[in-house]
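These notes concern the structure reproduced below.
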Amino acid sequence: MRYALYFTPPNDDPLTLAAARWLGRNPFDGSALPTAEIEGFDVEEMADVTAEPRRYGFHATLKPPFALAAGRSENEIVDALGHFCRKTPAITIHSLVIGQLGHFFALVPEQPFTPLQAFAAEIVEVFEPYRAPLTDADMARRKPETLSETQRANLVRWGYPYVMDEFRFHMTLTGPVKTERAAAMRDLLNGRFADFVGRPLSISGLALYVEKERGMPFTIHSWLPLSGA
């Protein structure tokens, strides 16, 4: 069993529903949605390009997946999440855009947003006592030899390379996209998510996601509003 703390809008939010239709799965209830054939992209290609983000469910990573530390329980982390959400105010990203990070696409802030960096760093720290240390196999999966010095230090200290100063908020929409298909995918995503691009996004709550067994789809155990949301 692994847990993760992610941001996602509420279950009935238009962005949640649009992302579930795009990815073919809603992590709130685990329901599968049919993969549609889209002009220029057949069903097989769409299913393949959305396979990885579909397993995780639509989200932005804040505290990456972790096994519970010895002596900790699911009830404890749920209680801690409730306490954190009650005291932590919601924040708003001023504008979202479709961004390309390496070979995959995601919804990202149009401009760097310092309060969001601080918010993510606080979550990593506050919930660190609930995380079991990485196993040697977990460390090897992250290919530390390919990481920067800072990223390797984060991996050792926090269990994930892309936290603190290395954190970049993103809500993943695809897995790797072939270079020759990237321009078409960007155009497709800008069309599919036109109602959300160039508009603000409220970071209004936090979700506890659960992976019951390694490799299984993540589902949402709890979604709690932040203060003032």
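The values are calculated or read from the model by the stated rules, or taken from the named source; none is laboratory data. Everything quoted here is computed from the prediction, not taken from an experiment. Glycine also receives a Cβ, built like all others from the backbone with ideal geometry; neighbour counts cover every protein chain displayed.
So the values come out like this:
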{"quantity": "Pick from region 170-185, criterion crowded, with 18+ Cβ neighbours inside 10 Å and of a type in the set (Val, Ile, Thr), ranking: farthest from residue 59 (Cα to Cα)", "calculated": "177"}
{"quantity": "Tally, over region 153-198, of residues that are of a type outside the set (Gly, Ala, Ser) and not in a helix (DSSP H, G or I)", "calculated": "19"}
{"quantity": "Restricting region 140-164 to residues that are more than 26 Å from residue 118 (Cβ to Cβ) and over 20 Å from the mean Cα position of the chain (by Cα), the residue that is surrounded by the fewest Cβ atoms within 10 Å (Cβ to Cβ)", "calculated": "145"}
{"quantity": "Residues (touching a residue at least 60 places away in the same chain (Cβ under 8 Å) and closer than 18 Å to residue 111 by Cα) located in region 164-188", "calculated": "168, 169, 170, 171, 172"}
{"quantity": "Cross-chain or 6+ apart pairs with Cβ under 9 Å, region 126-142 first and polar (S, T, N, Q), then part of a loop (DSSP other than H, G, I, E, B)", "calculated": "135/67"}
{"quantity": "Selection from region 189-215 of residues that are modelled with pLDDT under 95, touching a strand residue (DSSP E or B) at 6+ places or on another chain (Cβ under 9 Å) and under 22 Å from residue 104 (Cα atoms)", "calculated": "192"}
{"quantity": "Unique residue being in contact with a Phe, Trp or Tyr (Cβ under 9 Å, 6 or more places away or on another chain), within 25 Å of residue 84 (Cβ to Cβ) and at pLDDT below 95 when the list is 107, 134", "calculated": "134"}
{"quantity": "Per-region count, region 1-43, residues of a type in the set (Gly, Ala, Ser), more than 28 Å from residue 213 (Cα to Cα) and either under 18 Å from the mean Cα position of the chain (by Cα) or surrounded by 15 or more Cβ atoms within 10 Å (Cβ to Cβ) (or both)", "calculated": "0"}
{"quantity": "Selection count, region 2-40, where residues are among the aliphatic types (A, V, I, L, M), farther than 27 Å from residue 117 by Cβ and touching a Leu at 6+ places or on another chain (Cβ under 7 Å)", "calculated": "2"}
